[in-house]
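S.K.: Please find one structure pasted underneath; my questions will follow.
All of the numbers you see were taken from the coordinates with simple rules; none came from a lab. Remember, it's a predicted structure, so these values are computed and weren't measured experimentally. No Cβ is skipped: glycine too gets one built from the backbone with ideal geometry, and neighbour counts run over all protein chains shown.
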Amino acid sequence: MEDVLLQELESGVLTISFNRPDARNAWNHELEDGLRAALTKADDDPRVKVIVITGAGRTFCPGPDPKAISSGKSHRQVEQSDDDFGQRYSYMLGLRKPIIAAINGAAAGVGLCITLYCDLRFIAETAKTTMAFSRRGLIAEHGSAWMLPRLIGPMNAADLLLSGRVVSATEAESLGLARSLPAESFLTVVQSYARDIAQNCSPRSMMMIKKQLRETWSQTLAQATTISNQETALCIGSEEVREGMAALVEKRAPRFADLA
């Protein structure tokens, strides 16, 4: 079987690349299962501080494999769950470590949906995206009708989902969907950003901030503030804060502890 994922770990950053060159990185069950296994393993690996997901070659992921659709093998029955972060792709939000989508080329359908569950999205200035479900006789799949309004606002989400039109990198940035970067050295720049936070930010702090961002979707401001105050009290006097302050005073890179 082809190696559908490429993985490279450097300076605390794990880069995972979709690798189906003959199918332009089209989505299939092997990619889905492989990505989940790789992300779960990385979340437990103390060497990994930040994860970058991208596509090998010129595309990110243009959606499901047309051959799989034609053969009826693209659809997959998944076990239903009441856990918001236990759904088919929402598990990515429940992982402890930051996940960055580096959209290097075309991203459509499920290929774009996956990026919605990443913590950050960068897009090459030459890349284009689309939620083309309505143009294929489908509905808004994979929780995209829930995620998009929260990321880019209700009207923008309705526009992209109802029209299924193609969106340029420039527009994706203006909508707040992704940050556009020059195509030249695109992945290098994203990896540099990832290395910066991997080397200078506390893994525990990033884990807790990611948890705060996730949970505020269902909290009131009072609830979010109360939890923030409680967590701040736990941080004060901790080894993490002592190290962060020492690094500041001594003008050096911090040496934060890995996640257990």
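S.K.: If you count, for each residue, the other Cβ atoms within 10 Å and average over each peptide, how do 210-223, 142-155 line up from highest to lowest?
M.R.: Numbers: 210-223: 12.3, 142-155: 16.1.
The densest-packed peptide leads the list: 142-155, 210-223.
S.K.: Please report the Cα spread of region 202-250 along all three principal axes, rounded to whole Å, starting with the longest.
M.R.: 40, 18, 13
S.K.: Based only on the alpha carbon positions, what is the Kirkwood hydrodynamic radius of the chain, in angstrom? Kindly include the intermediate steps, with their values, before the conclusion.
M.R.: Values: mean 1/r = 0.0514 Å⁻¹.
In the chain this quantity evaluates to 19.5 Å.
S.K.: Shifting gears a bit: What does the helix-only formula give at 222 nm for the chain: each DSSP H stretch with n ≥ 4 adding -39500 (n - 2.57), the total divided by the residues, and the result rounded to the nearest 500 deg cm²/dmol? Before the final figure, lay out the partial values.
M.R.: Numbers: 11 runs with 113 residues, N = 260.
Computed mean residue ellipticity for the chain: -13000 deg cm²/dmol.
S.K.: Longer than 18 Å from Cα to Cα, which of Lys41/Lys97; Lys67/Lys128; Lys49/Lys128; Lys49/Lys251 are they? Say none if no pair is. Let's see the in-between values first.
M.R.: Working: Lys41/Lys97 11 Å; Lys67/Lys128 22 Å; Lys49/Lys128 29 Å; Lys49/Lys251 22 Å.
Violating the 18 Å Cα-Cα cut-off are Lys67/Lys128; Lys49/Lys128; Lys49/Lys251.
S.K.: In the P(r) worked out for region 159-223, what percent of Cα pairs fall beyond 13 Å?
M.R.: Values: 1593 of 2080 pairs.
That fraction is 77 percent.
S.K.: Within a Cβ distance under 11 Å of Gln199, other residues only, what is the Lys/Arg minus Asp/Glu net charge?
M.R.: Values: positive: Lys49, Arg195, Arg255; negative: Asp196.
With Lys, Arg at +1 and Asp, Glu at -1, the neighbours total +2.
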